[in-house]
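Reading through the structure tokens given below for one structure.
The values are calculated or read from the model by the stated rules, or taken from the named source; none is laboratory data. All figures in this text were calculated on a predicted structure; none of them were measured in a lab. For neighbour counting, all protein chains shown are included, and Cβ atoms are generated from backbone atoms with ideal geometry for every residue, glycine included.
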Amino acid sequence: MAAPPQLVALLPHHITEYATAPVGRLFRGLHGGPLSESVYDRWWKLARSAVLTLAQVASPLAKRPYGLRQSAASLWLNAGVPAAEVARRLGHSVAVLLRVYANCLDGGDAGVNDRIEGVLK
């Protein structure tokens, strides 16, 4: 999956500072292996609390790391990226994209209603 330029810009510093695991993993456990589930879960919860509102933290939004994939799909669709391109980036057909990810939109009703109203005027 493509990474945003802001993240790509941070990676060289991270790799210089912390290196990678022997198999190329960016984040590794204390002894070089994968992060334990409990460590990953603890950091994930801290990260969510740091960047989301209290209401969002209480919601299912990005409750698990896989939620980022759903968030990316919804963000791209809301930004007007064609469904075919979003599906390609996620490795899905358009039918699967719309069935699985289109319902992951967060707070988009007002904007959608405004766009529909604008077309009907």
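See the values below:
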item	result
Subset tally (residues that are at pLDDT 90 or above and at positive phi) for the range 71-93	1
Residue list for the range 1-48, restricted to those being among the β-branched types (Val, Ile, Thr) and under 20 Å from the mean Cα position of the chain (by Cα)	8, 39
The range 38-76, residues that are over 17 Å from residue 27 (Cβ atoms) and among the β-branched types (Val, Ile, Thr)	51, 53, 57
Residue, modelled with the lowest pLDDT, within the range 105-121, restricted to residues that are outside any helix (DSSP H, G or I) and at negative phi	106
